[in-house]
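Student: Got a structure here, written out as structure tokens. Questions coming.
The values are calculated or read from the model by the stated rules, or taken from the named source; none is laboratory data. This one's a predicted model, so the numbers in the text were calculated from it and none came from an experiment. Neighbour counts run over all protein chains shown; Cβ positions are idealised from the backbone, glycine included. All accessible areas refer to the heavy atoms of the entire protein, side chains included, with ligands and DNA or RNA removed. Shrake-Rupley method; radii C 1.70, N 1.55, O 1.52, S 1.80 Å.
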Amino acid sequence: MSVPSLPLPSGDELPVVGLGTWDLDDDAVRGSVRAALDGDYTHVDTAEGYHNETAIGEALTDANRDDLFLTSKVLPKNLSYGGVIRACERTLDRLGTDYLDLYLIHWPNPAISLRETLDAMATLHDQGKIRNVGVSNFTGYQLSNALHISDVPIAVNQIEFNPQFQRHDLVEYCQSEGVTVEAAAPLARTACLDDDTVLELAETYDRTPAQIVLRWAVEKDIVVLPKSSSATHVAENIDLFGWELDPEDHRRIDDLDRGEPVYDTLTRDWSRDVYGVPE
């Protein structure tokens, strides 16, 4: 099965389903990546803050690099010009590759100039170490600033997006500016899988609840990044093609929006790992 893709400003193609790897330790992520490679995945998403890049690199050792689309992210504490360069070089070393297909600013950091960060991204792009530049967890205002500052097109904004947190204005703005939306936590960290509507549709279509939710997002031209440590679920999560939701059923999932994020950005202690001392 060939997984559809969306075009990026560079001309590269971004597969609409990628393997998410957040919160997977080394053993779990090795198994997940290997299961993905045994299936139809070519797109793997990680970050220096996930602390699993080395294990992912090990799992990718026998893969054909030309067939892969690899994404990683730089932490906010490393967004100075030199910090971005060094962080990227460490990521490349851990993943065992010469380049990233996509490199994202993981979270904005108001203490560091966005222009400085994007200048570093442009340098990495010119050096061939990254092929596409993107952001993650940017608001519309922050994205607008990045679009005006960056010498390299902003290809992606990876944000929390799922049936209970649909962020219509931000998604519409991204897509109107030619910025692809990637859905982090596309299943609301499993919270939406017990919803009565989702369960009913899963029975109707003879699909898993996760497949119903992921198919709904893909039909909105949103790239989904589900993660699982189960080989069975990894395979199921990409089996989204050759079928579609009836428009009325699609709208029923639209109606589940409650404006409730699952990211715990208010109480989580970001000070040390994310916004702490640069590496």
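Student: Looking at region 33-58 only, could you name the residues that are free of Cβ contacts under 8 Å to residues at least 60 places away in the same chain, surrounded by 22 or more Cβ atoms within 10 Å (Cβ to Cβ) and in a helix (DSSP H, G or I)?
Tutor: Of everything in region 33-58, those that are free of Cβ contacts under 8 Å to residues at least 60 places away in the same chain, surrounded by 22 or more Cβ atoms within 10 Å (Cβ to Cβ) and in a helix (DSSP H, G or I) turn out to be Val33, Glu53, Ala55, Ile56.
Student: Out of the residues in region 171-213 that are of a type in the set (S, T, N, Q) and within 28 Å of Leu104 (Cβ to Cβ), state the one that is modelled with the lowest pLDDT. Working first, answer last.
Tutor: Taking region 171-213 as the starting set, the residues that turn out to be of a type in the set (S, T, N, Q) are 175-176, 180, 190, 197, 204, 208, 211.
From the residues that got through so far, the ones that are within 28 Å of Leu104 (Cβ to Cβ) too are 175-176, 180, 190, 211.
On the way: Gln175: 98, Ser176: 98, Thr180: 98, Thr190: 93, Gln211: 98.
The extreme case among them is Thr190.
Student: Considering region 17-32 alone, what residues qualify as being part of a helix (DSSP H, G or I) and of a type in the set (Asp, Glu)?
Tutor: Quick first cut of region 17-32, residues part of a helix (DSSP H, G or I) only: 26-32.
Correct list: Asp26, Asp27.
Student: When you look at Ser5, is it of a type in the set (Gly, Ala, Ser), open to solvent by 20 Å² or more (accessible area, probe 1.4 Å) and closer than 19 Å to Ala183 by Cα, yes or no? Lay out the reasoning, then the answer.
Tutor: Working: of a type in the set (Gly, Ala, Ser): yes; open to solvent by 20 Å² or more (accessible area, probe 1.4 Å): yes; closer than 19 Å to Ala183 by Cα: yes.
Considered against the rule, which asks whether it is of a type in the set (Gly, Ala, Ser), open to solvent by 20 Å² or more (accessible area, probe 1.4 Å) and closer than 19 Å to Ala183 by Cα, Ser5 comes out as yes.
Student: Does region 232-251 contain at least one residue that is over 15 Å from Gly18 (Cβ atoms), hydrophobic (A, V, I, L, M, F, W, C) and part of a loop (DSSP other than H, G, I, E, B)?
Tutor: yes
Student: I would also like to ask the following. Got a sec? Which of Thr71, Thr117, Thr91 is under 17 Å from the mean Cα position of the chain (by Cα), part of a helix (DSSP H, G or I) and among the hydroxyl-bearing types (Ser, Thr, Tyr)? Quick ask: steps written out before the conclusion?
Tutor: On the way: Thr71 fails: part of a helix (DSSP H, G or I); Thr117 fails: under 17 Å from the mean Cα position of the chain (by Cα).
Of the residues listed, the single one that is under 17 Å from the mean Cα position of the chain (by Cα), part of a helix (DSSP H, G or I) and among the hydroxyl-bearing types (Ser, Thr, Tyr) is Thr91.
Student: Collect the residues in region 165-195 that are open to solvent by 40 Å² or more (accessible area, probe 1.4 Å) and either within 16 Å of Glu248 (Cα to Cα) or of a type in the set (A, V, I, L, M) (or both), keeping them in residue-number order.
Tutor: Listed by number, the list holds a single entry, Ala191.
Student: Looking at (1) open to solvent by less than 40 Å² (accessible area, probe 1.4 Å); (2) more than 21 Å from Ala28 (Cβ to Cβ), which one does Ala210 not meet, given that it meets all the others?
Tutor: (2) is the only condition that Ala210 fails.
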